[in-house]
Structure formats: C-alpha cells, structure tokens
Amino acid sequence: MGKITVTVIKADVGGFVGHSSVHEELLATAREQLAKSPLLVDFHVTHVGDDINLIMTHRQGVDSEEIHKLAWDTFVACTEVAKKLKLYGAGQDLLADAFSGNVKGLGPGIAEMEFFERTSEPIIVFAADKTEPGAWNLPLYKMFADPFNTIGLVIDPKMHEGFKFEVLDLLENKKIIFNTPEDLYDLLVFIGAPGRYCIKSVYTKAGEIAATSSTQRLNLMAGRYIGKDDPVLIVRCQSGLPAVGEALEPFARPHLVSGWMRGSHSGPLMPVSVADATPSRFDGPPRVIALGFQLADGKLIGPQDFFADKAYDRAREMALMIADYMRSLGPFEPHRLHLEEMEYTTLPLVLEKLKDRFVKA
Ligand code: F6R
Ligand code: MG
Ligand code: MG
C-alpha cells in the first residue's frame with residue numbers, strides 16, 4: 001500500500017458560550033460532512049475550547065485541493081449552524097468569501113504529513129486553544145533534543161544521532177534547518193523567541209517526517225498583527241522516535257505561552273482531557289489536549305485521551321497556581337504581553353487623545 005497522509009485542520013467558526021467551547025450540533029455537523037466524503041480513509045472530529053479540529057487520514061498527499069476544500073466546506077456548513085444558534089463569532093476563522101485551492105492563509109490552521117505507515121504507527125495529535133503556534137517550540141525542543149526529557153536520545157541507538165528542526169521566521173517568511181545536537185545552541189537563540197521563530201517540522205537525520213505543526217506566516221494586515229492562531233501539532237512516536245511518554249512529558253511542567261484573554265496575555269499552558277477543554281477563567285488559562293491513535297492501514301484506532309490521566313493532575317495544579325500568580329499582575333507586563341504582541345490595543349487611540357499633553361521631558 002502507498003503512503004498515508006494525516007491532515008489536521010482546525011477553525012473557530014462560532015463559540016459556545018462566548019469563546020469557551022464548541023456546541024455539540026457543530027461537532028455533529030462536522031462529522032456528518034466528513035462521513036460523506038469518499039476521499040477519506042478515516043476521520044475523528046474533536047474540539048479544544050472554541051476550535052473544531054478535523055483529524056483526517058487519506059491518500060491524496062499534502063496540500064490536496066480536494067481535502068482542503070472538504071475541510072473548508074465542512075466549516076462553512078458548521079458556520080450555518082452557528083449562525084442559526086447565534087453562537088459567538090459565527091464563521092470568525094473563515095477569512096475569505098470563497099475557497100481558492102488551499103486553506104493556508106484563508107483562516108483555518110493546518111498541520112499535515114505524508115509517510116509510509118510502519119508495522120505499528122502510534123501518533124499523537126496535540127491541539128491548543130487561547131495560544132499560538134510558538135507554544136509548541138518548548139515541548140518540541142524537549143521531545144526531540146533534550147536528554148533530560150527524552151532518555152531515548154541517550155540510550156536508544158536509533159535516536160542517538162539526533163534530529164533536524166525546520167524553523168520558520170514568521171516575520172520575514174524564511175525558513176532554516178538546524179541539526180541537533182550539533183546546532184543546539186544556535187537553534188535555541190531562535191526558538192526561545194516563539195512569537196517570531198516557530199518550529200514547523202522535525203525530521204530524523206535520514207529525512208523521515210517525525211512531527212509537524214500548524215505554524216504559518218503571521219496574521220498581519222497592513223503591517224498590524226490581527227490575531228493569534230490556536231495551533232495543532234502531529235507527532236509520530238516509538239521505534240526510533242520519541243516514545244509516547246517522551247512526547248507527553250514536556251506538558252508535565254506547564255510553560256508560559258502567549259494568548260489567553262484577548263490574545264494579549266502570558267499564561268500557563270494547562271494539559272487537559274477533551275471534557276475539560278473549556279477555557280473559562282479570564283477566558284483561559286490556555287489549554288492543550290493530546291489524542292493518541294494507532295494507525296491501521298490509515299484507520300484511526302482511538303483516540304486515547306492522554307491528558308485525562310491522573311499523572312497530569314499535578315501539572316494542572318501547577319498551571320492553576322501559575323495562573324493565580326500571573327493574574328495578580330493584572331494589566332502589567334509580563335502578564336500583559338509586550339505592546340507589539342497584543343492582539344487588542346488602544347495605544348494609538350489613547351496616544352492621539354493625549355498628544356497635546358505630551359511635552360518634551
Ligand atoms: C482569545 C479569545 C478571547 C476573546 C475575548 C474578547 O483568543 O478568544 O479571550 O479575545 O473574549 O472577545 P470579543 O472581542 O469577541 O468580545
Ligand atoms: Mg472564538
Ligand atoms: Mg480558539
């Protein structure tokens with residue numbers, strides 16, 4: 001059998017209630033739409049916060065116009081339902097009036113990879129809400145380059161050579177490949193600044209795809225930042241790739257990500273089950289889910305809702321403690337993001353109003 005493609009496409013086409021979750025009718029509509037397609041080998045529909053995630057397998061390869069159109073049409077159908085129920089922000093991520101060949105740049109986020117299915121092919125689909133693609137930088141670094149996280153890098157002969165990281169400069173729309181461990185320090189110079197430099201994909205040294213994210217160029221309009229894109233990530237596991245537990249381990253210590261309330265705050269990324277993927281406090285804190293599947297000739301056997309596990313209770317506790325602390329800073333940085341990174345700003349307005357009151361110091 002030929003190669004299989006795993007495509008994950010996500011969009012927020014209406015929140016229930018506010019920006020907190022997705023109404024069951026939208027998920028049912030998405031399932032109905034995908035079930036009609038003769039192109040899919042299999043699919044699974046889920047959500048994190050107000051984002052619908054379409055997890056699909058097929059044999060059309062990456063960047064397939066048909067598959068992208070299927071996702072687009074599915075989100076259009078969900079938007080109709082969202083409008084009927086007067087859900088919040090119906091159709092908000094469908095930025096274009098009509099589909100034109102590829103969903104990239106049209107609003108929905110996308111991660112996809114094509115490969116020959118191994119004898120056993122465990123994959124994890126991560127999806128997050130109230131944050132941005134740079135949120136995957138730290139966990140991907142830990143999974144594929146940090147021996148304190150991934151002991152396989154040290155003691156598994158199949159992993160000992162290291163990996164290749166493809167990093168995008170979102171501002172200049174350029175990409176670069178770093179080899180680890182050789183380029184480790186150079187890599188960190190960039191990915192430590194996740195608002196600008198994001199890991200797009202990770203490959204084995206032999207060039208096999210291991211992980212890919214929904215990182216795309218920045219949402220800029222007339223030079224102004226118009227929004228964070230809640231990201232997804234696909235990771236292949238085991239047999240020379242990080243073990244499932246090594247891929248999940250970075251989320252045991254919640255890191256600070258950009259997003260949260262009005263896409264303008266820094267807060268902890270809290271690992272949760274799908275049932276708990278409903279941001280509430282201050283529209284957050286930001287959430288991440290992890291769904292595991294075994295592929296069987298492209299069929300998605302699963303999901304296993306990994307962060308439902310009790311082993312993540314302490315991570316949630318820690319995230320909530322960090323959330324308390326960050327919230328105590330109110331409108332001050334570093335809880336509030338730097339001026340250039342905020343999704344909402346009144347700065348030009350207030351500057352204009354006060355322009356005559358500013359005098360030379
Ligand atoms: C952040 C998010 C929410 C909204 C906030 C205000 O990604 O989705 O925090 O930014 O609820 O939303 P509006 O401006 O739609 O009232
Ligand atoms: Mg929303
Ligand atoms: Mg969202």
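Each reported figure results from applying straightforward, stated rules to the coordinates on display, with no laboratory input. The structure displayed is predicted, hence computed values, not measured ones. When we count neighbours, we look across all protein chains shown, and the Cβ atoms used for this are built from the backbone with ideal geometry, even at glycine.
Couple of notes before you dig in:
- Relative contact order computed over region 168-302 (Cα-Cα under 8 Å; 6+ residues apart), in percent: 13
- Shape analysis of region 255-327 places it in the prolate category; the axes a ≥ b ≥ c from the Cα gyration tensor give an a/c of at least 1.5, with a/b above b/c.
- Taken as Cα centroids, region 158-182 and region 225-267 sit 17 Å apart, rounded to the nearest whole angstrom.
- Evaluated at q = 0.09, 0.13, 0.20 Å⁻¹: base-10 log I(q)/I(0), Debye formula over Cα of region 1-141: -0.26, -0.55, -1.24
- Per principal axis, descending, Cα span of the chain in whole Å: 71, 50, 40
- Beta bridge orientation in the chain: antiparallel %, DSSP, nearest 5: 95
- Excluding the site residues themselves, the longest part of the chain lacking any GluC sites (Glu not before Pro) in a DSSP loop with at most 12 other Cβ atoms within 10 Å is 183-361.
- Among the trypsin sites (Lys or Arg not before Pro) in region 263-361, those placed in a DSSP loop whose Cβ has at most 14 other Cβ atoms within 10 Å are Lys355, Arg357, Lys360.
- Residues with amide H under 5 Å from that of Gly89, placed H, sequence gap 5 or more: Gly15
- When each of Lys36/Lys164; Lys3/Lys142; Lys10/Lys164; Lys36/Lys142 is checked by Cα-Cα distance, pairs over 30 Å: Lys36/Lys164; Lys36/Lys142
- Farthest toward the positive end of the dipole of region 29-89, out of Ala71, Met56, Gln33, is the Cα of Gln33, where the dipole comes from beta carbon charges about the Cα centre.
- DSSP H segments from the chain that extend 15 Å or more along their own axis, Cα-based, with Kyte-Doolittle mean of -0.5 or above: 24-35, 65-84, 313-328
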